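The values are calculated or read from the model by the stated rules, or taken from the named source; none is laboratory data. Since the structure is predicted, the reported quantities are computational estimates derived from the model, not experimental observations. As a convention, Cβ positions derive from the backbone with ideal geometry for all residues, glycine included, and neighbour counts pool all protein chains shown. Protein only, heavy atoms only, side chains kept; ligands, DNA and RNA dropped before computing areas. Shrake-Rupley method; radii C 1.70, N 1.55, O 1.52, S 1.80 Å.
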Amino acid sequence: MDGKIAVYPGSFDPITNGHIDIINRGLRCFDSLVILVGYNPAKSSSSLFTVEERVDMIKELIGENPRIEVDSDSGLIVDYVKKRGAHIILRGLRAMSDFEYEFQMALINRRLNRNIETVFLMTGSRWFYCNSSIIKEASSLGGTVRGLVPDSIFQKLREKYPDMSNG
Ligand code: ADP
């Protein structure tokens with residue numbers, strides 16, 4: 001990967017249209033993006049999809065794009081960013097409720113490595129309330145999440161929650 005690389009870390013459990021909006025807009029700002037499925041091995045039982053499933057679902061969605069790479073890592077984000085020779089962490093911001101957590105993360109990451117900057121993109125207004133937890137909760141209770149996630153992800157959610165309405 002060449003040029004200015006940004007690393008977009010997250011749980012992506014699963015990837016939503018809100019994430020995709022940030023990816024598309026991130027590509028307007030940076031030459032290449034690494035979508036990093038970050039995970040904590042101690043917390044793996046709380047996720048719906050395994051790390052491998054999440055990586056595969058994102059790869060399938062992205063297809064062949066020389067400007068995007070999908071990877072996973074369980075260590076410190078700043079260490080991963082440094083290892084990739086990058087200097088930017090890309091994050092998305094939705095409601096004020098994101099702000100406090102994102103602010104803390106950006107400050108601790110800056111303390112850990114002053115050469116790395118966190119850049120925020122404001123959510124697209126259509127995706128303001130779209131997050132992976134809400135998607136999982138609604139699907140598990142039988143509500144449809146069509147339109148909030150790509151069709152391929154919708155199908156994967158249906159495999160987990162066969163009772164989910166077709167929308
Ligand atoms: P994490 O568990 O690290 O917060 P997520 O997968 O929930 O990971 O989110 C990864 C990043 O994408 C975060 O910066 C989050 O704020 C952002 N994001 C998630 N959903 C949206 C959305 N609907 N609009 C904009 N940014 C979003």
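Data table
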| read-out | value |
| --- | --- |
| Amide H contacts under 5 Å for Val7, placed H, 5+ residues apart | Val34, Ile88, Ile89, Leu90 |
| Nearest 10 degrees, 0 to 90: helix 51-62 Cα axis against the chain principal axis | 90 |
| Entries in Lys59/Lys136; Lys4/Lys156; Lys82/Lys160 that, when Cα-Cα distance is taken, lie over 31 Å | Lys4/Lys156; Lys82/Lys160 |
| Length-normalised contact order of the stretch 9-167 in % [C-alpha pairs under 8 Å, at least 6 apart] | 27 |
| Charge-dipole axis of the stretch 5-128 as Lys and Arg at +1 and Asp and Glu at -1 on Cβ define it, positive-most pick from Pro14, Ala106, Ile77 | Ala106 |
| Heavy-atom accessible area order for Lys4, Lys82, largest first, 1.4 Å probe | Lys82, Lys4 |
| Extended-chain gain in nm, criterion 0.36 nm per residue less alpha-carbon gap, Phe103 and Glu60 | 12.3 nm |
| R0 of 25 Å, Cβ-Cβ distance Ile134-Asn24: FRET efficiency to nearest 0.05 | 0.75 |
| R0 of 41 Å, Cβ-Cβ distance Leu112-Asn166: FRET efficiency to nearest 0.05 | 0.35 |
| Max mean-square fluctuation residue, GNM over the chain, Cα-Cα springs under 10 Å, options Arg28, Arg146, Arg54 | Arg28 |
| Lys, Arg +1 and Asp, Glu -1 on Cβ, resulting dipole of the stretch 5-128 about Cα centre, debye, nearest 20 | 460 |
| The chain - accessible surface per residue (Å², probe 1.4 Å) | 56 |
